[in-house]
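The values are calculated or read from the model by the stated rules, or taken from the named source; none is laboratory data. Small disclaimer: the values here were computed from a predicted structure and weren't measured. Neighbour counts run over all protein chains shown; Cβ positions are idealised from the backbone, glycine included. The accessibility values were calculated without ligands, DNA or RNA, using every heavy atom of the protein model including side chains. Shrake-Rupley method; radii C 1.70, N 1.55, O 1.52, S 1.80 Å.
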Amino acid sequence: MCIRDRSETLRHTAVFEPLQNPLAGGTRGKPDSSISRCIDPIKAVMGLEASGKWPDDLQAIAHLKTAFYLDIAKGLRKEHGIESKASMNWLRVLVDGYVFEISIGHSREIDLLK
């Protein structure tokens, strides 16, 4: 498994660095009208190693990825007390006032889309 950045923040090329947001568990400041209620997530892609066990159907791959997101969210909550939200397309992790949006990228899925 590897994590690749999709965000200029993680590549250190962002014009403005993200600020902690109390709505995402940040410790600086209190939620009020001056703090954005929309938090721009820091995006990353989780790459999984190739395996012959991946299905050959795009819908089955989507369901498998969703199961991974749910399992990772459960583990983060149980083992580390980290809040996260899973969907069919991503896992959003709230850590110290920042939101990370992680999606799974797999070469088999890309091959099937061609």
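Consider residue 80 against the criteria (1) at pLDDT below 80; (2) more than 21 Å from residue 105 (Cβ to Cβ); (3) open to solvent by 40 Å² or more (accessible area, probe 1.4 Å): it satisfies all of them except one. Which criterion is unmet?
(1)
Can you tell me which residue is modelled with the highest pLDDT among those in segment 4-60 that are basic (Lys, Arg) and assigned to a loop (DSSP other than H, G, I, E, B)?
53
Condition check: within 18 Å of the chain's Cα centre (by Cα) and modelled with pLDDT of 75 or more. Does residue 114 satisfy that?
no
Out of curiosity, is residue 73 at pLDDT 90 or above, in contact with a Ser or Thr (Cβ under 7 Å, 6 or more places away or on another chain) and within 25 Å of residue 105 (Cα to Cα)?
yes
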